[in-house]
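Working notes, beginning with the structure itself.
The values are calculated or read from the model by the stated rules, or taken from the named source; none is laboratory data. This is a predicted model, so every value here is computed, not measured. Virtual Cβ from ideal backbone geometry, glycine too; neighbours counted across all protein chains shown. Ligands, DNA and RNA are excluded from the accessible area calculation, which covers all protein heavy atoms including side chains. Shrake-Rupley method; radii C 1.70, N 1.55, O 1.52, S 1.80 Å.
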Amino acid sequence: MSLLVVGLSHRSAPVSILERAALPADTQAKLLQDTLAAEPAAEATVLATCNRIELYADVDKFHAGVAELSTLLAQHSGVGLDELTPYLYVHYEDRAVHHLFSVACGLDSMVVGEGQILGQIKDTLALGQELHTAGRLLNDLFQQALRVGKRAHSETGIDRAGQSLVTFGLEQLADGTDVDTWAKGKKALVIGAGSMSSLAAATLARSGVSEIVIANRTLARAERLAQILNEPGGTGVVAHAAEMVAVGDELTRADVVVSCTGATGLVLTGDDIETAVQGRRTPLALLDLAMPRDIDAAAHRIPGVRLVDIESLAEASADAPMAADVDQVRGIVSDEVAAFGAAQRAAHITPTVVALRTMAADVVAGEIARLEGRLPDLDDKQRAEITQTVRRVVDKLLHAPTVRVKQLASEPGGAGYADALRTLFDLDPETVASVSRADLNDADVKNRGRV
């Protein structure tokens, strides 16, 4: 089995395609279930963010896997396969590992170095574990990706290379003015109460806005976020919650609006915005971080309105300078990919080594039983000494080759050593397979709840 990733991102596809291909949470779950039902895939998980959709799977056939995963992405995204295919990229085995580790470090983000992707990778793993679609390979891979991402942020200055989409978006709205100066005293409306909206609300509060209104379909979630912002010792911002039906009224009072919901249609239409700005003397700043978009692109053409959305952020980020620390992070990624590959190759031979030692133990037990039948007068001390001596001889004979074969198997191209060991010792394939299944079940139990 081998790791395969098929996906599209802001680097491969225009925002219009990403917007149409966005996968709601329930669709992600159905995609994973259907992927596992497909013949080439043994385990799968999906990384879906505002600027990427990637399907990871453990497959036994490359070409069949690419075809099946591409078809499934098209079916569940609603974008026809012929239209979607030119924007898809494929990574396989070590290249797939390298890609995910680069994503985890923020190297592949729209804003290089942003750390929010780690939370999204964590959510991806949690979904795969919850649905039991992520097995040993993907659990190991995504756990390691999280560690690599954290290492990159702790050991380098990659954080200086960029910031979250929220901060980057606010900088674009401020248009060259210091964000804190631009935001000071403004009234803000945040639409949505998920992780991105919560980050936006916290960022606005730290930037010095005087008031934040949180609007969400579930009022209780908006109230919880407002309560957190109002906690003593915080930024001093005044925050309160509002129902979605009140968004139109709140829009007339707001100076800056940040929207990031999971809605499949527009949250703010061009007519809504035109109505809100009639007669006002101050400009209205809109930041749309949703995919698909929450705010009608027609807002770009409304006088007195400045809209920054994913598309304009993508254009702006293309000109952002790369930090010198990026090279250091790339080095970390390369080292971690090599280490992960070596560990996986070594793990691949472990069931064969265990099966070999089990066979040897069975041989020892059989010979001891035969000896006891021929020498029934042996006392317990003699029997124990003979048994220990035979076991020692077998252990010494097996020690060097099993240690060496694990070392060789961890090197590139070392997968064939497991096959050679099984052939040389005529090991029962079912015994090896049963050890692998036991390891997989143990890994599944250990990994549940570890995100």
Worksheet item: So which of R281, R293, R301, R330 ends up being out of contact with any Pro (no Cβ under 7 Å at 6 or more places or on another chain) and under 30 Å from L141 (Cα atoms)?
Response: R330
Item to complete: Examine the stretch 43-57 for a residue that is open to solvent by 50 Å² or more (accessible area, probe 1.4 Å) and either outside any loop (DSSP other than H, G, I, E, B) or under 19 Å from V97 (Cα atoms) (or both), and state whether such a residue exists.
Response: no
Discussion item. Consider the stretch 11-42. How many of its residues are closer than 18 Å to I121 by Cα, touching a strand residue (DSSP E or B) at 6+ places or on another chain (Cβ under 7 Å) and either in a helix (DSSP H, G or I) or open to solvent by 30 Å² or more (accessible area, probe 1.4 Å) (or both)?
Written reply: 3
Worksheet item: Is one or more of the residues making up the stretch 181-188 closer than 25 Å to P292 by Cβ and without any contact (Cβ under 8 Å) to a residue 40 or more places away in the chain?
Response: no
Discussion item. One residue is enough: does the stretch 150-172 have a residue meeting the conditions in contact with a strand residue (DSSP E or B) (Cβ under 6 Å, 6 or more places away or on another chain) and closer than 23 Å to D294 by Cβ?
Written reply: yes
Worksheet item: Here are some residues: E223, E274. Which one is over 31 Å from the mean Cα position of the chain (by Cα) and open to solvent by 80 Å² or more (accessible area, probe 1.4 Å)?
Response: E274
Worksheet item: What residue, of A201, A239, is part of a helix (DSSP H, G or I), among the small types (G, A, S) and open to solvent by less than 30 Å² (accessible area, probe 1.4 Å)?
Response: A201
Worksheet item: Just a yes or no: is a residue in the stretch 151-160 surrounded by 24 or more Cβ atoms within 10 Å (Cβ to Cβ) and under 28 Å from V5 (Cα atoms)?
Response: yes
Worksheet item: Just a yes or no: is a residue in the stretch 176-198 in contact with a helix residue (DSSP H, G or I) (Cβ under 6 Å, 6 or more places away or on another chain), open to solvent by less than 10 Å² (accessible area, probe 1.4 Å), modelled with pLDDT of 95 or more and in a helix (DSSP H, G or I)?
Response: yes
Discussion item. Condition check: open to solvent by 70 Å² or more (accessible area, probe 1.4 Å) and within 26 Å of A339 (Cβ to Cβ). Does R370 satisfy that?
Written reply: no
Worksheet, complete the sentence: Quick count over the stretch 84-111, residues being open to solvent by less than 20 Å² (accessible area, probe 1.4 Å), within 25 Å of D140 (Cα to Cα) and part of a loop (DSSP other than H, G, I, E, B), is 3
Fill in: Filter result for R281 (more than 26 Å from the chain's Cα centre (by Cα), under 24 Å from N216 (Cβ atoms), open to solvent by 10 Å² or more (accessible area, probe 1.4 Å) and of a type in the set (K, R))
no
Item to complete: Determine, yes or no, whether V363 is open to solvent by 60 Å² or more (accessible area, probe 1.4 Å), β-branched (V, I, T) and part of a helix (DSSP H, G or I).
Response: yes
Worksheet item: Out of all the residues in the stretch 292-333, which are in a loop (DSSP other than H, G, I, E, B), open to solvent by less than 30 Å² (accessible area, probe 1.4 Å) and at pLDDT below 85?
Response: A323
Item to complete: Return only the number of the condition from (1) of a type in the set (D, E, K, R); (2) more than 28 Å from I17 (Cβ to Cβ); (3) touching a residue at least 12 places away in the same chain (Cβ under 8 Å); (4) out of contact with any Leu (no Cβ under 9 Å at 6 or more places or on another chain) that E250 does not satisfy.
Response: (4)
Practice prompt. Please tell me if A134 is in a loop (DSSP other than H, G, I, E, B), free of Cβ contacts under 8 Å to residues at least 40 places away in the same chain and buried (at least 24 other Cβ atoms within 10 Å of the Cβ).
Written response: no
Item to complete: Find all pairs meeting these conditions: Cβ atoms under 8 angstrom apart; at least six residues apart or on different chains; first residue within the stretch 324-335 and in contact (Cβ under 8 Å) with a residue 60 or more places away in the chain; second residue open to solvent by less than 60 Å² (accessible area, probe 1.4 Å) and polar (S, T, N, Q).
Response: D325/T156; Q328/T156; V329/T156; R330/S102; I332/T156; V333/S102
Worksheet item: Among L72, L81, which is over 20 Å from N139 (Cα atoms) and open to solvent by 50 Å² or more (accessible area, probe 1.4 Å)?
Response: L81
Item to complete: Could you pull out the residue among A241, A246 that is touching a helix residue (DSSP H, G or I) at 6+ places or on another chain (Cβ under 6 Å) and of a type in the set (A, V, I, L, M, F, W, C)?
Response: A241
